[in-house]
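One structure is given here, and the rest of the page talks about it.
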Amino acid sequence: MSVSTLKLSLCVITRDEEQRLARCLASAAFAADIVVLDSGSTDRTVAIAQAAGARTFVEPFRGHVAQKARAVELAEHDWVLCLDADEELSPELAAAVRAVLAGEPGAAGFELARKTSYVGRFIEHCGWWPEWRLRLFDRRQGGWTGADPHDRVEVRGRVGRLDGALWHYAYRDVAHHLEKVNRYTTTMAQGLAQRGVAFRWRDLLVRPPARFLRMFVVRRGFLDGARGFLLATIGAFYVFLKYAKLWELKQLAAGREESLQTHRRDAPAHSPAAKSDAP
């Protein structure tokens, strides 16, 4: 099928992705429309997107869910394929996407099987393969939702699955992995606090080892060798850090409230603070 007749928009959000973006865009170059929504890159990301023929926009980062929803909004076609800059369609998956859109899709969206590379090798276990992600969909039937940073697509109607792998190059190295863990757990903890989720010690004590056992034993991460052990350990640390940061936020909030109450109690009767409590 020629590019001009494939009514598909590829949507990618970016920030400082000059090392990975070209590979991502090239894997889905058959899309008639390519949208790159950047949030202030300081490297060559925007230039690379423009060189690939993408309609490129630069707007402030709204959060993972809102930013991806905005990219879909900018698309020219109703069928959209949403990829992260660190993802790439395998040739088999690219062929499957083109084939399903060549006729009547027969579904509101399609899940793609994501396969992640870690320290130079694709992971086969730990619950990391296959990771089914709904990324090809009719935007008239749904869109992005979820709680940052864990976004997801939901559609109204039947969801199919396509053959082939969505290759994922999420982490440059262990240091990059831990950097992401630190950033994402901060966002997660803030979201939990904003939704009024209470801190419970059992979440901090029980959930991390449970995550390790699920990844390494139940989901057979041990078959991935040292990589499986490392991923299960960092997965457990992710859970620990999320709830540790929630505890910290609750403590800081309680400290601020206690300080405010002390200030009000100790304020002189003629002070503004005292008058503000008067009936």
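The values are calculated or read from the model by the stated rules, or taken from the named source; none is laboratory data. Source: prediction; values computed, not measured. Cβ: placed from backbone, ideal geometry, glycine included. Neighbour counts: every protein chain shown. The accessibility values were calculated without ligands, DNA or RNA, using every heavy atom of the protein model including side chains. Shrake-Rupley method; radii C 1.70, N 1.55, O 1.52, S 1.80 Å.
Some notes on this structure:
- By definition, a body whose alpha carbon gyration tensor gives a ≥ b ≥ c is oblate when a/c is 1.5 or more and a/b is not larger than b/c, and segment 145-253 fits this oblate description.
- Shape of segment 40-85, Cα gyration tensor, a/c cut at 1.5: oblate
- Residue-normalised accessible area of the chain, given per residue in Å² at a 1.4 Å probe: 52 Å²
- The length gained by stretching the chain between Lys250 and Ala102 to full extension, at 0.36 nm per residue less their Cα-Cα distance, is 48.0 nm.
- Beyond 22 Å, the tail of the calculated P(r) for segment 55-141 holds 37 percent of the Cα pairs.
- Segments 55-67, 107-119 sorted - mean Cβ within 10 Å per residue, highest first: 107-119, 55-67
- FRET efficiency for Phe122 and Arg264, using Cβ-Cβ distance with R0 set to 35 Å, rounded to 0.05: 0.05
- Around the amide H of Tyr118, modelled in the peptide plane, lie the amide H atoms of Ile123, all under 5 Å away and 5 or more residues distant in sequence or on another chain.
- Relative contact order of the chain, pairs being alpha-carbon contacts under 8 Å that are 6 or more residues apart, as %: 16 percent
- Spatial extent of segment 206-270: Rg and Dmax, with the Cα atoms as the point set, Å: 21.0, 72
- Cα shape, segment 12-116, gyration tensor, a/c 1.5 rule: prolate
- In order along segment 122-129, the Karplus-derived 3J(HN,Hα) couplings, from 6.51 cos²θ - 1.76 cosθ + 1.60 at θ = phi - 60°, round to 6, 7, 9, 9, 6, x, 8, 8 Hz, and Gly and Pro are given as x.
- Carbon/sulfur fraction of accessible area - the chain, other protein chains in place, 1.4 Å, %: 54 percent
- Computed FRET value (nearest 0.05) for Phe61 with Glu179, which takes r as the C-beta separation and R₀ as 22 Å: 0.85
- Within the chain, the proportion of C-alpha pairs whose separation exceeds 23 Å stands at 62%.
- Computed from point charges on the beta carbon alone (+1 for Lys and Arg, -1 for Asp and Glu), the dipole magnitude for the chain about its Cα centre is near 880 Debye.
- Restricting attention to the chain, the count of lysine pairs at 8 or more positions apart or across chains with alpha carbons under 20 Å apart stands at 6.
- About its Cα centre, segment 20-170 has a charge dipole of approximately 80 debye under the convention of +1 per Lys or Arg Cβ and -1 per Asp or Glu Cβ, with nothing else charged.
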